[in-house]
Each structure stands twice: as C-alpha cells, then as structure tokens.
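> Before I ask anything, let me first share the structure, which is written out below as structure tokens.
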Amino acid sequence: MHAAIDIFRALGDPTRLRIIHLLRAMELAVGEIAQVVGQSQPRVSRHVRILAESGLVERRKEGNWVFLRLGKGGDVAPFIALFDQLEPSEAERLWQAADLARLAAVRADRARAAESYFAEHADEWDAIRSLHVAEADVEAAMTALLGREPIGHLLDIGTGTGRMIELFGGAARAVTAIDRSPDMLRLARAKLPEDAGDKYALLLGDFLDLPLEPGSVDTVVLHQVLHYAQAPEQVIAQAARVTALDGRVLIADFAAHEREELRLRDQHARLGFSDEQMESWFAAAGLVLDRVETLPGHELTVQLWLGRRSDARPGQQEERISP
C-alpha cells in the first residue's frame, strides 16, 4: 500500500505532473526540464527527488549531467497508463501545448550543438573517410545483413554521434546505446526521433563492462569501435554475454592494415583485424561467425563480421556459414 500512497503523493503537484508529461516524450536532463518549465534547477531537482523516491522517475548520472526517464517498475506502469485515459481540462491542454513547444526548443538546441561539433571536427573525420569506401556503402551492407531478421532489442556499443541508432532504431523494438563520452551521447540525443518516448536508452558506460543483464538484447552493433580497444577479445566477450541465444553481433571495422599514423594521430589501439583473429575471438565468446563481407576502399578495407550467439561452450568451434 505504501507504494501507491507514495505515487499518489508524488503526482499531487502541477510541476511534477508537467515533468511526467515531458518525460513521456523523451529522456531529458534536469537542466533541460528546468528550461522547459521555467523554474530554477534546484527547485526542479527537488521535484525530481520526490518523483524518483516514488519510483515514477529513474535518474542516471552522465558526467556532470543527470538524465531522467520514466520508471520501469511494475507498480509504476498502471499510473503512467492512467494519463492516456484521463481527458485533460482546457487549462491542462494549454500548459501541455506550451511545454511541448518549449521542448521543441530544447531539441533545436541539441541539434545546433551537434552541428557545431561536426563542423569543428569535420576535417579530422574526412581525412579518415577519404581512405576507405563511402560510408553509405558500409551502411547499405550492414542493413542488408541485419535486414534478414527482426532487430528486436538493439544495442549500439560506442554509439558516438548516434548514426547506428538513427539507421536501425526505427526497426527495433527497443534501443540501448552506450558510449563513454557524455559529449557523444549528447550528440546522439540530437538525432532521436520526436516520438522517441522511452524506446531509446542512451547510457554512459564502457564496452568492457556493459551495464546490461546477460541475454537481454537481440542485436548488437559495433561500428568502427573495436579498433579503439586495447583488448578487443574482451569487448566481444561482453557483447556476447548480453546477447540472447540466437541473437546477432555485427562488427564493422577495418581489415588489418599498416597505416601507423592512425595509431599516432587518431588513437587507434589496433590497426584493423584479420578474419582469423575475429573468428577465434567469436568462438571463445560463444559466437558462431555467420557471414563476412569485404568492402575494399582507396587505402583501407572495411570488413563486416556477423556472428550469432550459440549455446556451444565458449571455445567450441562450429561450422561457419560462408558469405
């Protein structure tokens, strides 16, 4: 009974009702909510604390920011569903419309920050892109590989600017994106669709310690991430751990190369990978290497490795399906 009482008390305030409505639209930082509702950040933080204590809201620290999303507890779901059944009064319609208009301004701020970042770093990225096949060709090949089956719950490891969740998120049932850079996560949020709701979870985390339960995702994507890892086999093992039985892991990265300047200038820990390396790491993690695609470029070759989670013991090889 205490849970219901706490929830009713938490909802008994106009500002907290506004916060719930905003979080139904998208995940937001405390400062962004303060901007929308026109109140000081300390005051909004007090409201958030009450909502969080009741379980209506979940808080997640990301660098110096605190992000909020609707709670997932079983006690909370019926109360959230109640919002769809209640007809708002005329006054409520007005403040809901006003809040959503200000929320659009928050989205615009995110987009402007992303554009500024892209402009600042465009030369660096263009220098690398000029060495390999066009990114559109890589994305088309990835889409062809993953489009054969439902995406289900998608995990994008090292989401960066969020291009993979932009590409595959629409077809997914749920999306989790992880990056260790708060700046990158803010860029990725700028690409979320307006009707994102709670389908997307963007989390601060490390690819060596994924904050997910075993077997909780259906499709894992690592796009141009693995070459930053000092221990790629451990990253693959983590990806396999959180992948459900018969789920898929897709890695897009460079084939082995000798462009040493990428290690020195761009902090690449590994100069690409061979098929033999990848197959051995997959097998050790309990993944069967299902398909390999090769996309030759000007000086660098992009390779796609698609693995499937098997019930074989780690290290037990299974017959590989040829491309």
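The values are calculated or read from the model by the stated rules, or taken from the named source; none is laboratory data. The structure displayed is predicted, hence computed values, not measured ones. Glycine also receives a Cβ, built like all others from the backbone with ideal geometry; neighbour counts cover every protein chain displayed. Accessible surface is based on the protein model in full, side chains and every heavy atom, while ligands, DNA and RNA are left aside. Shrake-Rupley method; radii C 1.70, N 1.55, O 1.52, S 1.80 Å.
> Select from segment 49-97 the residues that are part of a loop (DSSP other than H, G, I, E, B), polar (S, T, N, Q) and without any contact (Cβ under 8 Å) to a residue 40 or more places away in the chain and list them in ascending order.
Residue satisfying the conditions is S89 alone.
> So, one more: Tell me which residues, restricted to segment 103-154, are open to solvent by less than 30 Å² (accessible area, probe 1.4 Å), at pLDDT below 90 and not aliphatic (A, V, I, L, M).
Hits for segment 103-154 are R110, H132.
> If I ask for residues that are closer than 22 Å to L295 by Cα, buried (at least 21 other Cβ atoms within 10 Å of the Cβ) and in contact (Cβ under 8 Å) with a residue 60 or more places away in the chain, which ones from segment 155-186 would you list?
D156, I157, G158
> Failed condition for F282, given (1) modelled with pLDDT of 90 or more; (2) within 30 Å of L70 (Cα to Cα); (3) not small (G, A, S), with all others met?
With (1) modelled with pLDDT of 90 or more; (2) within 30 Å of L70 (Cα to Cα); (3) not small (G, A, S) applied to F282, the lone miss is (2).
> Could you run through segment 266-300 and say how many residues are farther than 25 Å from A244 by Cβ and basic (K, R)?
Looking only at that region, the number is 1.
> Then there's this: How many residues does segment 205-226 contain that are assigned to a strand (DSSP E or B) and open to solvent by 30 Å² or more (accessible area, probe 1.4 Å)?
Final tally of qualifying residues: 4.
> Exactly one condition in (1) surrounded by 15 or more Cβ atoms within 10 Å (Cβ to Cβ); (2) at pLDDT 80 or above is false for A98; which is it?
(1)
> Within 12 Å of the chain's Cα centre (by Cα), assigned to a helix (DSSP H, G or I), in contact (Cβ under 8 Å) with a residue 60 or more places away in the chain and crowded, with 17+ Cβ neighbours inside 10 Å: is that true of L202 in this structure?
No; evaluated as a whole, the condition is false for this residue.
> From the list P14, P88, which one is out of contact with any helix residue (DSSP H, G or I) (no Cβ under 6 Å at 6 or more places or on another chain) and open to solvent by 70 Å² or more (accessible area, probe 1.4 Å)?
P14
> From A255, A240, A229, which residue is surrounded by 15 or more Cβ atoms within 10 Å (Cβ to Cβ) and at pLDDT 95 or above?
Among A255, A240, A229, only A240 is surrounded by 15 or more Cβ atoms within 10 Å (Cβ to Cβ) and at pLDDT 95 or above.
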